[in-house]
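Visitor: The structure is given below, and queries will be raised subsequently.
The values are calculated or read from the model by the stated rules, or taken from the named source; none is laboratory data. Bear in mind the structure is a predicted one, so any value in this text is a computation, not a measurement. Please note: Cβ atoms are built from the backbone with ideal geometry, for glycine as well, and neighbour counts cover all protein chains shown. Side chains included, ligands, DNA and RNA excluded: accessible areas come from the protein's heavy atoms. Shrake-Rupley method; radii C 1.70, N 1.55, O 1.52, S 1.80 Å.
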Amino acid sequence: MDSIDEVHVSEPGLVVLDITARDEETAVAVMSRLDELWATSGIRPVRRVAGEPGVRARLYADIRRPGSPGPV
(Lines give C-alpha, C1' and ligand atoms only; values in the text may rest on other atoms or scores of the structure.)
Protein backbone atom coordinates (compact mmCIF):
# COMPACT_ATOMS: atom_id res chain seq x y z
CA MET A 1 0.00 0.00 0.00
CA ASP A 2 1.06 3.55 -0.61
CA SER A 3 2.06 5.68 2.35
CA ILE A 4 -0.73 7.59 4.06
CA ASP A 5 -0.95 11.25 3.07
CA GLU A 6 -1.18 13.68 6.01
CA VAL A 7 -4.33 15.25 4.54
CA HIS A 8 -6.23 11.97 5.10
CA VAL A 9 -5.75 12.24 8.87
CA SER A 10 -5.41 16.01 9.24
CA GLU A 11 -8.41 16.38 11.59
CA PRO A 12 -9.98 14.38 14.40
CA GLY A 13 -12.52 11.95 12.97
CA LEU A 14 -10.67 11.25 9.72
CA VAL A 15 -9.36 7.69 9.42
CA VAL A 16 -7.58 5.46 6.93
CA LEU A 17 -8.61 1.81 7.08
CA ASP A 18 -6.53 -0.94 5.51
CA ILE A 19 -8.71 -3.99 4.88
CA THR A 20 -7.36 -7.49 4.38
CA ALA A 21 -9.83 -10.26 3.55
CA ARG A 22 -9.76 -13.78 2.17
CA ASP A 23 -11.51 -12.81 -1.06
CA GLU A 24 -12.75 -9.82 -3.03
CA GLU A 25 -16.41 -10.49 -2.17
CA THR A 26 -15.68 -10.22 1.56
CA ALA A 27 -13.60 -7.05 1.17
CA VAL A 28 -16.33 -5.39 -0.90
CA ALA A 29 -18.98 -6.39 1.67
CA VAL A 30 -16.94 -4.78 4.46
CA MET A 31 -16.40 -1.57 2.48
CA SER A 32 -20.11 -1.44 1.62
CA ARG A 33 -21.12 -1.79 5.28
CA LEU A 34 -18.63 0.88 6.41
CA ASP A 35 -20.03 3.19 3.71
CA GLU A 36 -23.46 2.82 5.37
CA LEU A 37 -22.03 3.83 8.76
CA TRP A 38 -19.76 6.73 7.81
CA ALA A 39 -18.91 9.03 4.93
CA THR A 40 -16.23 7.05 3.07
CA SER A 41 -14.29 7.02 -0.16
CA GLY A 42 -16.66 4.26 -1.31
CA ILE A 43 -15.88 0.85 -2.72
CA ARG A 44 -12.18 0.92 -3.57
CA PRO A 45 -10.17 -1.32 -5.88
CA VAL A 46 -9.15 -4.62 -4.31
CA ARG A 47 -5.67 -5.97 -5.03
CA ARG A 48 -3.63 -9.06 -4.39
CA VAL A 49 -0.05 -8.88 -3.16
CA ALA A 50 2.14 -11.62 -4.61
CA GLY A 51 3.20 -14.11 -1.96
CA GLU A 52 0.74 -12.83 0.66
CA PRO A 53 -2.63 -14.37 1.54
CA GLY A 54 -5.94 -12.70 0.76
CA VAL A 55 -6.78 -9.40 -0.89
CA ARG A 56 -6.28 -5.83 0.29
CA ALA A 57 -8.04 -2.51 -0.03
CA ARG A 58 -7.72 0.92 1.56
CA LEU A 59 -10.70 3.02 2.59
CA TYR A 60 -10.78 6.65 3.75
CA ALA A 61 -13.54 7.66 6.14
CA ASP A 62 -14.89 10.61 8.08
CA ILE A 63 -16.54 9.12 11.16
CA ARG A 64 -18.08 12.52 12.05
CA ARG A 65 -20.52 12.27 9.14
CA PRO A 66 -23.20 9.66 8.51
CA GLY A 67 -22.85 7.29 5.59
CA SER A 68 -25.03 6.46 2.62
CA PRO A 69 -28.39 4.85 3.22
CA GLY A 70 -28.35 1.08 2.82
CA PRO A 71 -29.99 -0.76 -0.07
CA VAL A 72 -33.74 -0.32 -0.27
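Visitor: Remind me, relative contact order of the chain in percent, using alpha carbon pairs under 8 angstrom and six or more residues apart?
Guide: So the answer I get is 37 percent.
Visitor: Here is a follow-up. Would you kindly state the longest site-free stretch of the chain, with sites defined as trypsin sites (Lys or Arg not before Pro) in a DSSP loop (not H, G, I, E, B) surrounded by at most 12 other Cβ atoms within 10 Å?
Guide: Answer - 23-47.
Visitor: Also, quick follow-up: So for the pair S41, I63, with labels modelled 7 Å out along Cα→Cβ, what separation do we get in nm?
Guide: Result: 1.8 nm between the two label points.
Visitor: While we're on this one: Suppose only helical runs count, i.e. DSSP H with n ≥ 4. What mean residue ellipticity at 222 nm does that imply for the chain under -39500 (n - 2.57) per run, divided by all residues and rounded to the nearest 500 deg cm²/dmol?
Guide: Mean residue ellipticity at 222 nm (helix-derived): -6500 deg cm²/dmol.
Visitor: Related question: I'd like to check one number: the per residue accessible area of the chain, probe 1.4 Å, reported in Å² as a whole number.
Guide: Spelled out: the 1.4 Å probe surface of the chain, per residue, equals 70 Å².
Visitor: In addition: Taking all protein chains in place and a 1.4 Å probe, what share, in percent, of the accessible surface of the chain do carbon and sulfur account for?
Guide: 52
Visitor: When the C-alpha atoms of the chain are aligned to their principal axes, what extent does each axis show, in angstrom, from largest down?
Guide: 37, 36, 13
Visitor: Which residues among the range 32-65 fall inside the zone where the amide N is under 18 Å from a point 7 Å beyond the Cα of R22, along Cα→Cβ?
Guide: The answer is 47-49, 52-57.
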